[in-house]
Amino acid sequence: GIEFIDSYVFNRVEHIRFNSTVGRYVGYTELGLKNAEAWNKGPQLGQEQGELERFCKHNADLHYRAILDKT
């Protein structure tokens, strides 16, 4: 399967991450935890889940077909 990860990093510290396998935001710092809680309840969650369909699966299909065409 395909896994989509969207990390939010500031000053080389990951504060929050969306992982499509988990299906929600996870916070790694105090601010990240607060944002994850809010973002999991808001429209941001649906937008991230839509990225898996819109971007990842579409591009994976294109790359897979390109590989098959070369074999």
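The values are calculated or read from the model by the stated rules, or taken from the named source; none is laboratory data. Please read all numbers here as calculations on a predicted model, not as lab measurements. Using ideal geometry, Cβ is built from the backbone for each residue, glycine included, and neighbour counts are taken over all protein chains shown.
When you scan the range 1-20, how many residues do you find that are at pLDDT 90 or above and not in a strand (DSSP E or B)? The qualifying residues number 2.
Residues are listed down the side, and each one gets a yes or a no for (1) touching a residue at least 24 places away in the same chain (Cβ under 8 Å); (2) surrounded by 10 or more Cβ atoms within 10 Å (Cβ to Cβ); (3) assigned to a helix (DSSP H, G or I); (4) in contact with a strand residue (DSSP E or B) (Cβ under 6 Å, 6 or more places away or on another chain):
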{"position": "26", "(1), (2), (3), (4)": "no, yes, no, yes"}
{"position": "34", "(1), (2), (3), (4)": "no, yes, yes, no"}
{"position": "38", "(1), (2), (3), (4)": "no, yes, yes, no"}
{"position": "48", "(1), (2), (3), (4)": "yes, yes, yes, yes"}
{"position": "52", "(1), (2), (3), (4)": "yes, yes, yes, no"}
{"position": "57", "(1), (2), (3), (4)": "yes, yes, yes, no"}
{"position": "60", "(1), (2), (3), (4)": "yes, yes, yes, no"}
{"position": "66", "(1), (2), (3), (4)": "no, no, yes, no"}
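Scanning the range 16-31 for residues that are over 14 Å from the mean Cα position of the chain (by Cα) and within 24 Å of residue 2 (Cβ to Cβ) returns a single hit, 28. Checking each residue in the range 1-23 for being surrounded by fewer than 14 Cβ atoms within 10 Å (Cβ to Cβ) and in contact with a Leu (Cβ under 8 Å, 6 or more places away or on another chain) picks out only 2. Here the condition is being of a type in the set (D, E, K, R) and either under 10 Å from the mean Cα position of the chain (by Cα) or within 24 Å of residue 55 (Cα to Cα) (or both); of 34, 41, it holds for 41 alone.
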